[in-house]
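Asks: Submitted below is the structure of interest, expressed as structure tokens.
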Amino acid sequence: MTVRTRLLDPAVGQAMSALSATAKKGLGDPALAELVVIRASQLNHCAFCLDMHLAIAREQGVSEKQLDLLAAWEEAEGAFDERERAALELTEAVTVLTDGFVPDAVYERAARHFDEVELAHLIGLIVAINNWNRVMVSRRIPPGGYTP
């Protein structure tokens, strides 16, 4: 097995943490922020981030039903409101970038539920968690290292 570094330059970690914290604060909805970062982490197969953010989501009062159904949010009628659904759809579009861009319809749906500042923070949060996912997955950092 290839030996991978566990090192993360402290300045890089601080910058990434600052981006995450600023985006979460600007979004102004801690529970929704956790749904977004969990969904991106599911798509990116980041066990470390899933372990961490599931714990934080529970601390923020996210329901077990939402956590259980998040991977199938599109089919989970009644479990997520329209604002949450718009955020999750945007999360998937930004995370996967299947067509090389975020479709206009997805962006427009999100823009109906978030003002311009909230939308900027939501996109920042999605970008931040995707960065964290890639840093953790590329180094194969296992779950269990997070303690509240």
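Asks: I'd like the orientation of helix 82-96 relative to the chain: the angle between its Cα long axis and the longest Cα principal axis, in ° from 0 to 90, rounded to 10.
Replies: The answer is roughly 50 degrees.
Asks: What does the net charge come to around E34 if you take all other residues with beta carbon closer than 10 Å to its beta carbon, with K and R at +1 and D and E at -1? Let's see the in-between values first.
Replies: Details: positive: K24, R39, R58; negative: D29, E59.
Value of the local net charge: +1.
Asks: Run lengths n ≥ 4 of DSSP H only: what is the helix-derived mean residue ellipticity at 222 nm for the chain, with -39500 (n - 2.57) per run over all residues, to the nearest 500?
Replies: Working: 7 runs with 100 residues, N = 148.
So the helix-based figure for the chain works out to -22000 deg cm²/dmol.
Asks: Could you work out the Kirkwood radius for the chain, taking every pair of different alpha carbons, averaging 1/r and inverting it, reported in Å?
Replies: Final number for the Kirkwood radius of the chain is 15.7 Å.
Asks: OK, next. According to a simple spin-label model (label point 7 Å from Cα along Cα-to-Cβ), what is the distance in nm between E108 and S63?
Replies: Output for this residue pair reads 3.1 nm.
Asks: Accessible area per residue, 1.4 Å probe, Å², for region 11-148: what's the number?
Replies: Details: 7040 Å² over 138 residues.
Roughly 51 Å² per residue, with all protein chains present.
Asks: Set the Förster radius R0 to 35 Å, insert the Cβ-Cβ distance between E77 and A21 as r into 1/(1 + (r/R0)^6), and round the FRET efficiency to 0.05. Intermediate values should be presented prior to the final figure.
Replies: Numbers: r = 33 Å, r/R0 = 0.95.
According to the calculation, E is roughly 0.60.
Asks: Give, in nm to one decimal, the length gained when the segment between R134 and E116 is fully stretched (0.36 nm per residue of separation minus the Cα-Cα distance).
Replies: Full-extension gain reported as 3.8 nm.
Asks: Can you send over the carbon and sulfur percentage of the accessible area for region 12-139, probe radius 1.4 Å, protein chains only? Let's see the in-between values first.
Replies: Values: 3420 of 6270 Å².
Roughly 55 percent of what the probe reaches on region 12-139 is carbon or sulfur.
Asks: Could I ask something else about it? Can you tally the net charge around A120? Count Lys and Arg as +1, Asp and Glu as -1, for every other residue whose Cβ sits under 15 Å from the Cβ of A120.
Replies: Working: positive: K24, K25; negative: D29, D115, E116, E118.
Taking every other residue near A120 into account, the sum is -2.
The values are calculated or read from the model by the stated rules, or taken from the named source; none is laboratory data. Quick caveat: nothing in here was measured; it's all calculated off a predicted structure. No Cβ is skipped: glycine too gets one built from the backbone with ideal geometry, and neighbour counts run over all protein chains shown. Just so you know, the surface numbers come from the protein's heavy atoms only, side chains and all, with ligands and any DNA or RNA stripped out. Shrake-Rupley method; radii C 1.70, N 1.55, O 1.52, S 1.80 Å.
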